[in-house]
Structures are given as structure tokens and as C-alpha cells.
Amino acid sequence: MIEIDGSFGEGGGQILRTAVSLAAVIGKDITIKNIRKNRPNPGLKPQHMKSIELAALISGAGVRGLHPGSTEICFSPVEIKGIDTTIDIGTAGSIPLLLQCIMPAACASDGNISLRIRGGTDVDWSPSVDYLKHVTLNALSEMGYRASIRTIARGYYPKGGGLVEVVIEPAGLKEYHYFREEENISGISHASNLPEHVARRQAESAKSLLREHGFECDILVEDNNYLSTGSGVNLWSGFIGSVSTGKRGLPAEKVGSRAAKQMAASLQSGAAVDIHLADQLIPFMGLAGGGSFTTTELSGHLKTNIWVTEQFLDVKFEVKETDGLIGVRVR
Ligand SMILES: Nc1ncnc2c1ncn2[C@@H]1O[C@H](COP(=O)(O)OP(=O)(O)OP(=O)(O)O)[C@@H](O)[C@H]1O
């Protein structure tokens, strides 16, 4: 039995997701205490419960303590198996964060994991589905990870109703050393149930700010009529991405320029991967038993994911600051 203190470091939802997924891979029982202790509303929220339920479904796990507000669960996995199923997170719970909870485990399954998931595709404090596809899965494919993802409908806060199809195939991971990839910037500016000019203005402002910083980019403009109302801009280039979501009262120009500013800053830093991809790569590097990258900052999420991964796998990470960048490698 492995015991994890969920209040370690960042003390949020991610420590839970990584712990559950890696427990499924090594087939060991875990107890997680003090769940989301460092958040203003501690304990499990419905979207965390959904991700644990899905991890339990693919690994045949028994779970105790799974109820709203719970601060302690016991997760006892058996064996990871392929499945084909539909999941409804409800409202705008993040689809990429649900997937974060099963992605490390899913590649160790005995068959394909095929999912249709309803929920949020472009919500705050989370990777967007475009980010997951073009940045995270692009980076993981270098390690041998095999997954495809298709957005059928976008879902925004608070109504959600997005629909995504995902297939993750079994794969052994190999180490990969990430370096800055000089690639064009691509992106999508999207809006749903808003005036036609919103997505276009978002795209134009992102393009003009990037141009001021010396970058050219291609941004696809999507004007949709889905169940929920919302907008956003997703940009990507190699292992660097940025996400910006619209809000009532926030000008379309601001949504575009915010995504572009983040993108320009990450690209100009010279780092191999952006601050979010950095923490997301850690469990996979642990499974691969090797690899390295540079990023801009030693974030709370990065430190926490390193710690939790080291609790499950026989790996140690080394973190070093050089020339203003943070270098991370498996020792
Ligand atoms: N703008 C973004 N672009 C890409 N990834 C992001 C972005 N914002 C957050 N993330 C990623 O989403 C994850 C969020 O983890 P966190 O622990 O905050 O989870 P949470 O479940 O949303 O939070 P909590 O449950 O604690 O309220 C991290 O992997 C982080 O890198």
C-alpha cells in the first residue's frame, strides 16, 4: 500500500490524477489523504470523481471514499484493459483534465481505450482540447505514445456539452530529449453563439501582436453554434502552446492578444517546452525511464508532479537552473 499526502506542494487535483494513474500502471493499492487540501474548497469535486471512476473502469479497480467533498480515497487497481465507452462529465468539467487522469495508465493497457467524452473543451485553468492534441500529444508521440483525438463539438463554461472522441493505443514509451523546435505558429480562434466578428477579431489581434514580436502565424477562424456559448484562442508551435478563453465583458482583441503574448514570451525564452507541458510530461518521462527538457519556470505543478511520480516509479529527476532556464532530466 502506497500512501500519498494530497496536500504536498501544489496540493490540487493534479497530484490525485497522477497518483491514481501511476498506481494503475504498477498495480499497487494507494491511499490518498488530504485531497485538494490547498484549494479553497477542499476534497473531491464531481469532475475529480469522474476521472477516478474512469481510471477505476480501465484498471478494474475498487475504490473507497469516492463521494463529493471526500478528502481520502483508497484505490485498488487490478489490470488495465482496453474499453470502448461513453462518458458524460456533466456541465463544463474539463475533458483534457479527465484524460490527464488516465493517459499514463492507458498506454499500458492490453487493448485500445476508445472514449466519447462530453464536457468542457475550452475552459479556464485547464489545457484546451486543441492544446492536448497539438502540444501534449505531439510531444508524447516523440516518446512513442499513440493517441488520436477529434473534437465533434466545443463545450464552454458553464453549460459545457462539448463532445470529443479519443483513442489511446497500447505503447511502450522510450526516452526523448526535447529541444526547441523551430516551427511555424498555428492556431484556432473559435466562438459559439456569438456575433460572427468575434472569432475573426480574436484571430486578427493575436496575429498582429505576434507580428510585432517578429512571428508569423496561421490561425483558423471557427464560428459555431454549439450548445454552449463561449470563445477562445489556441496557439501552438512545436512543444510550445498557449490558451486563452473569452469571458463576457472581455474584448475579443484582449482574448487574442493574451494568447499571443504568452506564446511570444514562451518562444522568446528559448525553452524547449512551455510551463504547462513541463508538468504534464513528468509521469511519461518516469514511465520511459529517461528524457529531458528545458522550460521557463519551476512551477508548483512541476515540482509536485516530480515528487508524486518518484513515489511510484523507480526514477529520480534532476532539476537545474542554467542561463535563466530550468533544465529537467531523469537521472
Ligand atoms: N492554460 C493552460 N494551458 C495548458 N495547460 C494548462 C493550462 N492551465 C492549466 N493547465 C494544466 O492543467 C493542470 C491543472 O492541474 P490542477 O492541479 O490545478 O488541477 P485542477 O483539478 O484543475 O485543480 P483543482 O482541482 O486543484 O482545483 C496542470 O497539468 C496544468 O499544467
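The values are calculated or read from the model by the stated rules, or taken from the named source; none is laboratory data. Just so it is clear, the model here is predicted, and its values are computed rather than measured. Counting neighbours? That spans all protein chains shown, and the Cβs are built from the backbone with ideal geometry, glycine included.
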### Query
Do you know which residues across segment 11-22 are surrounded by fewer than 21 Cβ atoms within 10 Å (Cβ to Cβ) and among the aliphatic types (A, V, I, L, M)?
none
### Selection count where residues are under 15 Å from Thr18 (Cβ atoms) and within 11 Å of the ligand (Cβ to nearest atom), scope segment 32-58
4
### Message
Residues that are β-branched (Val, Ile, Thr), outside the structural domain of Asn138 (by TED's automatic domain parsing) and in contact (Cβ under 8 Å) with a residue 24 or more places away in the chain: list the helices (runs of 4 or more DSSP H) wholly contained in segment 4-107 that include at least 3 such residues.
### Response
13-26
### Message
Among the numbered criteria (1) surrounded by fewer than 22 Cβ atoms within 10 Å (Cβ to Cβ); (2) within 12 Å of the ligand (Cβ to nearest atom); (3) over 20 Å from Ile306 (Cβ atoms), which one does Phe8 miss?
### Response
(3)
#### Entry: Residues satisfying the stated conditions in segment 191-209, i.e. assigned to a loop (DSSP other than H, G, I, E, B) and touching a strand residue (DSSP E or B) at 6+ places or on another chain (Cβ under 7 Å)
Leu194, Glu196
### Enumeration of residues in segment 168-190 that are crowded, with 17+ Cβ neighbours inside 10 Å, not hydroxyl-bearing (Ser, Thr, Tyr) and not in a loop (DSSP other than H, G, I, E, B)
Ile168, Ile185, Gly187, Ile188, His190
### Message
Condition check: outside the structural domain of Leu132 (by TED's automatic domain parsing) and under 28 Å from Glu253 (Cα atoms). Does Tyr226 satisfy that?
### Response
yes
#### Entry: Residue in segment 251-274 that is nearest to the ligand (Cβ to nearest atom), counting only those that are over 28 Å from Asp323 (Cα atoms) and of a type outside the set (Gly, Ala, Ser)
Val255
### Task
Residue by residue through segment 273-289, note down the ones that are surrounded by 24 or more Cβ atoms within 10 Å (Cβ to Cβ) and either part of a loop (DSSP other than H, G, I, E, B) or in contact with a Phe, Trp or Tyr (Cβ under 8 Å, 6 or more places away or on another chain) (or both).
Val273, Asp274, Leu277, Ala278, Leu281, Ile282, Met285, Gly286
## Note on the structure
Taking segment 219-245 and the residues there that are in contact with a His (Cβ under 9 Å, 6 or more places away or on another chain) and over 24 Å from Glu183 (Cα atoms), the one that is farthest from the ligand (Cβ to nearest atom) would be Asp223
### Query
Are any of the residues in segment 135-155 crowded, with 23+ Cβ neighbours inside 10 Å, in contact with a strand residue (DSSP E or B) (Cβ under 9 Å, 6 or more places away or on another chain) and assigned to a strand (DSSP E or B)?
no
### Task
May I ask you to list the residues in segment 51-65 that are surrounded by fewer than 22 Cβ atoms within 10 Å (Cβ to Cβ) and in contact with a helix residue (DSSP H, G or I) (Cβ under 6 Å, 6 or more places away or on another chain)?
Val63
